[in-house]
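The values are calculated or read from the model by the stated rules, or taken from the named source; none is laboratory data. Since we're looking at a predicted model, the values are computed, not measured. Here the Cβ positions follow ideal geometry from the backbone for every residue, glycine too, while neighbour counts run over all protein chains shown.
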Amino acid sequence: MRLRSLLFVPGDRPDRMEKALGLGADALILDLEDSVAPAAKPAARAAVAAFLASARRACALFVRVNPLDGGLVEDDLAAVLPGAPDGVVLPKAEGAESLRRLHALLAGSDARILPVATETAASVFRLGEYGGVTPRLAGLTWGAEDLPAAVGATAAREADGGYTAPYQMVRSLALFGAAAAGVPPIETVYPDFRDLDGLRRYAERGARDGFTGMMAIHPAQLAVINAAFAPTEQAIAHARAVVDAFAANPGVGALQLDGRMIDAPHLKAARRLLSRL
Ligand code: 1VU
């Protein structure tokens, strides 16, 4: 499943769901959590269930349920699993135990799991736990909204779109946690949805650092995100040249290509990039 761009659509906005299918997102995240007010949760569950039952599967359909300990997730899953979502986004995930619990709740369904793995202070210390727990793991993503609120920080972002030191560290740990688990790292949302230049810089930085996709909150963000997370022609050509150079020199560990040394890590990176095409 390719996950370059994942668009949040509030679960209580059925008017936006059908249209969202044709916007170029690789996945929609039909949200039952923070974008839906408590009183609107039952209606949102019903709307998401109805949409899943009838939607053209033009892209992957994920549902963000409520957190495991809030007393809502059981009703969320009872409503949406009959519609066979491709995946469930788990907010406030806290390591292996959360994955095990959700895996059990998904019995009888093929849904994958995408945890949002940095939304509580405790979760940060469990980012190395996600590998090998369940074959349902579709990736790992992080959030920069709930954690500052949980610890009492006044901001997580710098004016230039980067993060303050504590949240930059959390982003890095999420990236390495996903890599250690062997699943795609998904960059978090860029909330200023009118600032497409800032988004482009942010998404390109994410792709440079190793994230393979990103969540979106507004349709205008999708083209920018898809472009940032698609390998450039130049990068593809270079990767092919690296693979070809090693194929032409079997048994050789280090080579030169255009005057620069290439060895095993470069071959691994080239193969990884080509596998995403
Ligand atoms: O022009 P049209 O009327 O045909 O369409 C509007 C609008 O319906 C549409 N649109 C969307 N369609 C699908 N999914 C969306 N998320 C979405 N957002 C907008 O685009 C056209 C233009 O809309 P707009 O620019 O006038 O935007 P609004 O003021 O109507 O809406 C802005 C917000 C931010 C409220 C809206 O985009 C939205 O609800 N986004 C998702 C919010 C969300 O799910 N937040 C929680 C996830 S963030 C997180 O938890 C971090 C981990």
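Return yes when ASP31 is within 14 Å of the ligand (Cβ to nearest atom), of a type in the set (Asp, Glu) and under 11 Å from VAL88 (Cα atoms) and no when it is not. Taking the combined requirement at face value, the residue satisfies it. Evaluating LYS19 against the criteria (1) surrounded by fewer than 21 Cβ atoms within 10 Å (Cβ to Cβ); (2) more than 10 Å from the ligand (Cβ to nearest atom) leaves one unmet condition, (2).
Remark: ALA237 matches the filter, which requires a residue to be of a type outside the set (Ser, Thr, Tyr), loosely packed, with under 12 Cβ neighbours inside 10 Å and either within 30 Å of PHE62 (Cα to Cα) or at pLDDT 95 or above (or both).
Annotation note: Cβ proximity below 7 Å between a residue of the range 1-23 that is among the basic types (Lys, Arg) and a residue that is near the ligand (Cβ under 10 Å from one of its atoms) (sequence gap 6+ or interchain) occurs for ARG16/VAL9. Of the helices (runs of 4 or more DSSP H) lying entirely inside the range 176-277, those carrying at least 3 residues that are free of Cβ contacts under 8 Å to residues at least 24 places away in the same chain, out of contact with any helix residue (DSSP H, G or I) (no Cβ under 7 Å at 6 or more places or on another chain) and of a type outside the set (Lys, Arg) are 233-248, 264-275. Looking across VAL224, VAL189, one residue alone is touching a Leu at 6+ places or on another chain (Cβ under 6 Å) and surrounded by 14 or more Cβ atoms within 10 Å (Cβ to Cβ). It is VAL224. Scanning the range 149-175 for residues that are of a type in the set (D, E, K, R) and part of a loop (DSSP other than H, G, I, E, B) turns up GLU158, ASP160.
From the list ARG157, ARG136, the lone residue that is of a type outside the set (A, V, I, L, M, F, W, C) and farther than 21 Å from ARG101 by Cβ is ARG157.
Considering (1) within 7 Å of the ligand (Cβ to nearest atom); (2) in contact with a Cys (Cβ under 6 Å, 6 or more places away or on another chain), the lone condition that ALA25 does not fulfil carries the number (1).
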